[in-house]
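Q: A single structure is presented below for examination.
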Amino acid sequence: MVDFVMTISTVNMNNTSLLHCSFLSVNVEQTKDTFIAGLLTSILNAVFSMMTTTANFIILYVIWKKQELHSPSFILLFSLAASDLVVGVICQPFFVAYHIAEFVGNFNAYCVLRIIQHLFSYTTTSVSLATLSGISIDRLLALTLHLRYNTVVTFNRIALINFAIWLGSAAVVFSNFWKATVFISLAVAGLPLTFIVTAFSTFKIFQIVRRHQRQISQQQRSVEHTTVNVLKLRKSSVTVLYVYGLIIIFYLPLLVTVFVYDSTGYTTRVKIALDYVTTVVFIGSFLNPFVYCWRMREIRRAVKNVFRMNQNEVTSLQSRTMSRQ
C-alpha cells in the first residue's frame, strides 16, 4: 500500500494527468479510514452480490417460464429485475475487484475496473428509474384505455420500449467519454423527469380509483367487476411507489455525496462516503425482488411453485436413492 502511494506520488510530480481514469477523478491516498471503508464495503458487496444475483434471477426465471406472466406489465418488470441482476453480476463484483486492485497497487487494473463499474452502475440506475416511470404509465393506460388497452399496449411495443430504454441509458452514460458535462446535464434533467412522470401517473390512478369507489354505492352490481380490476391496478401502482420509494431512500445519500463531490472535489472524505453510499444503493437491488413477491400475488405464487417443484424433485431423488440401497 505504501509503495503504491509512493509510486503514484512520484508520477503525480511528473504528470498529474495520470491521476485520472479517463473521465473519473482518482484519489490514491491510503489511510486507515479509507482502508477500512474499502475492505468493509468490499466484503458487503461480495456477499450481497450472490444474494442479489440469486433473488433477481428467480424473478426473471418465473416471468420467463410462466406463460400467464407474458404481458406488457410483467415485461417491464422483467426489465427492472434485469437491471438489478446486472448490479449483482457486474456492478458489485467490479466494485470489489477495483478495490482489490487499489489495495495491491495495480493502478492500471484499478482504472479499468472502476470505469467499467461506473458505466454499468449508472446505466442500471437510468434503466431502473425510466422503467418505473414506464410501469406507472402502463398502469394508467390500463385504467383509461379500457378495452383498447390490449390493442394499444402490445408485447412488441413494450419490448421495443425496453430496448430503447436500455440503449438510451447506455448512450447517456457512455457520453462521459465524449463530454462529461453532457452526462451531468442529462442526469440532472432525467432524475426529476422520471419522478414527475411516476408521481403524476400514480396520482391520476388514485383519482380514478376514488371515482370508481364512489360508484359502488350507486351501481353495486354493474361496477363490481370493474371495481375489482381498478383496485388491482391501484395495488400494482402502489407497488411501483414502494420500489420507487426504496430507490429514492437508497439513492438520496448518494445524491448528497455527489453534490459534495462536485463542490469540493474527490477528497478522501468523499472517497470514503462514496464507498458506503454506493454499497447502500447496491443493496437496494437485493430488496426489490422481495417487494415484488410481497405486493404481487402472481409473482409470489410463481416463486412458490418454483421452490415447490424443486423440493419435489429433491424428495423424488432421495426416494430413488434410498430404494436402490
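The values are calculated or read from the model by the stated rules, or taken from the named source; none is laboratory data. This is a predicted model, so every value here is computed, not measured. FYI the Cβ positions are ideal-geometry reconstructions off the backbone, even for glycines, and counts take in every protein chain you see.
Q: Could you figure out which of (1) more than 20 Å from T239 (Cβ to Cβ); (2) assigned to a helix (DSSP H, G or I); (3) at pLDDT below 90 isn't true of Y266?
A: (2)
Q: On to the next question. Could you count how many residues in the stretch 133-147 are more than 15 Å from T198 (Cβ to Cβ) and free of Cβ contacts under 8 Å to residues at least 40 places away in the same chain?
A: Total meeting the criteria: 3.
Q: Given G168, G190, which one is farther than 27 Å from A37 by Cα and at pLDDT 90 or above? Give the derivation first.
A: Details: G190 fails: at pLDDT 90 or above.
Checking each option against the conditions leaves just G168.
Q: Restricting attention to the stretch 244-260, does a residue exist that is of a type in the set (A, V, I, L, M), modelled with pLDDT of 90 or more and at negative phi?
A: The answer is no; no qualifying residue exists.
Q: Name the one entry in I75, I100 that is closer than 17 Å to L167 by Cα, touching a residue at least 24 places away in the same chain (Cβ under 8 Å) and more than 14 Å from the chain's Cα centre (by Cα).
A: On inspection, the qualifying residue turns out to be I75.
Q: What helices (runs of 4 or more DSSP H), lying completely within the stretch 89-201, carry at least 2 residues that are buried (at least 18 other Cβ atoms within 10 Å of the Cβ)?
A: Details: elements: 92-104, 107-145, 149-152, 155-174.
Output list reads 92-104, 107-145, 155-174.
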